[in-house]
1. List nothing, just return the count: lysine pairs in segment B:48-170, 8 or more apart or interchain, with Cα separation under 26 Å.
2. Just to confirm the numbers: B:Gln48, label point 7 angstrom along the Cα-Cβ line, distances to the other copies in nm, shortest first?
3. For the residue pair B:Val31 and A:Arg45, what label-to-label distance in nm results when each label sits 7 Å from Cα along the Cα-to-beta-carbon direction?
4. I need the trypsin sites (Lys or Arg not before Pro) found in segment A:10-46, filtered to DSSP loop residues with at most 11 other beta carbons within 10 Å of theirs.
5. If you take the Cα Rg of the protein assembly as shown and divide it by 2.2 N^0.38 Å, with N the number of residues, what do you get?
6. From the backbone phi of segment A:36-42, what are the Karplus-calculated ³J(HN,Hα) couplings (6.51 cos²θ - 1.76 cosθ + 1.60, θ = phi - 60°) in whole Hz, Gly and Pro given as x?
7. With all distinct Cα pairs included, what does the Kirkwood hydrodynamic radius of segment B:48-170 come out to in Å, to one decimal, could you say?
8. Taking a label point 7 Å out from Cα toward Cβ, give me the nm distances from A:Ala160 to the same spot in the other copies, shortest first, one decimal.
2 protein chains.
Amino acid sequence: MNLASTIREVPDFPKEGILFYDITTLLKNPVALKESIDQLTAHYRNLQIDAIAGIESRGFIFGMPLAYQLGVGFLPVRKPGKLPAKTIAESYALEYGTNTLELHVDAVTEGQRILVVDDLLATGGTAQASCKLVERLGGKVVGVTFAIELTFLKGREKLAGYEVFSLMQYDA
Amino acid sequence: MNLASTIREVPDFPKEGILFYDITTLLKNPVALKESIDQLTAHYRNLQIDAIAGIESRGFIFGMPLAYQLGVGFLPVRKPGKLPAKTIAESYALEYGTNTLELHVDAVTEGQRILVVDDLLATGGTAQASCKLVERLGGKVVGVTFAIELTFLKGREKLAGYEVFSLMQYDA
């Protein structure tokens, strides 16, 4: 099936001039939901993934069923103050200001092969910070995967050195 | 397996006097992750669920793999301003102030049988608001399910009239 046909394009969200690709219309379609997870599973099935790091909050949406399908654990990468035990943090620049992500220090063990999952690859700052969190704990980032990639924002350049896979690509 | 043995108990989080039940230690354990989703799937397999409404953000964690396993769609119930298309909103009281949740108006069609999913049943306000959102769109709430239920907070009383199922119960 053509997954992109299930994505709703919303102009001027979250602000004027931005075209937002809405995954909720994919998710409410059982065939598209299954197909998206099956495509991700097929891509990563033989890559000896040990765990999936899913980025709050839409990375949870694609990351958890993929973890289940691959038979591995799931590590939530969260916004500050959400994880209750000892964490490490990484900040990254936004157009205005910075964002911070956290990961429990005991989420990753030395040498584990980790797949980082989010819904959207834009400039790549969020995914890059998540990869750094995994690596600081001794994990190896085996890949970084997304439902949607906005190719014109060149997030792949920021993620150079990582295997990057996306289900759908948009060039505008 | 004993799922509760994989939950980390964190005292004084998010504030003094609160004992926090941390699901991240369950999620990073592949056996526990699989078992939790399999138990939910077994419970709901024959209840003719049409879609799962998962509450941001940890409801996404349990709701999405369950949607995949049941072969149904997934509807994210989100905090204000996150959903890009037309929404309806429900507010509910907290100890101090109120919270609001939103759902796309086209998420549910008349008569659909919806399962509401979150990670934690405390006082039940969040789940109750989510049920109201589903019902306002013409959906029927077939059940409300949680990974963890804090029985001493009597959330089931607030959800009276709904079938409630939880994987783990804590009475303090």
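Just so you know, all these numbers are worked out from the coordinates, no wet-lab data involved. All values derive from a computational prediction rather than experimental measurement. Neighbour counts are summed over all protein chains in view; Cβ atoms, including those assigned to glycine, are modelled from backbone coordinates with ideal geometry.
1. Counting lysine pairs in segment B:48-170 gives 13.
2. 4.9
3. 2.6 nm
4. Passing sites in segment A:10-46 are A:Lys15, A:Arg45.
5. 0.94
6. Each residue of segment A:36-42 in turn: 5, 5, 5, 5, 5, 4, 4 Hz.
7. Answer for segment B:48-170: a Kirkwood hydrodynamic radius of 14.2 Å.
8. 6.5
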